[in-house]
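The values are calculated or read from the model by the stated rules, or taken from the named source; none is laboratory data. The shown structure was predicted, so the numbers you read here are calculated from the model rather than taken from an experiment. Using ideal geometry, Cβ is built from the backbone for each residue, glycine included, and neighbour counts are taken over all protein chains shown.
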Amino acid sequence: MVDRVNAACGRGALGLGWAGITAPPDWQMRREMLSNRGTTHWAELATVTAT
């Protein structure tokens with residue numbers, strides 16, 4: 001499939017994962033904007049109580 005797309009659209013039009021990336025991006029993620037990891041870490045699950 002990758003070969004067919006590259007044949008139709010030009011060499012390098014489609015690749016796998018990080019294979020075609022030679023340099024890291026020019027931007028950095030702002031760590032203070034991270035949300036909690038409530039879907040992957042038990043200790044960070046939201047606690048709900050009914051009153």
Report task. Working carefully through the options Ala50, Ala13, find the one that is part of a loop (DSSP other than H, G, I, E, B), out of contact with any strand residue (DSSP E or B) (no Cβ under 6 Å at 6 or more places or on another chain) and surrounded by fewer than 10 Cβ atoms within 10 Å (Cβ to Cβ). Result -> Ala50
Requested in this report: May I ask you to verify whether Ala8 is at pLDDT 80 or above, of a type in the set (A, V, I, L, M) and in a loop (DSSP other than H, G, I, E, B)?
Outcome: no
**Report entry** Neighbours by Cβ (under 7 Å, 6+ apart or cross-chain): first from region 20-40, at pLDDT below 75; second surrounded by 10 or more Cβ atoms within 10 Å (Cβ to Cβ) and part of a loop (DSSP other than H, G, I, E, B)
**Finding:** Gly38/Leu45
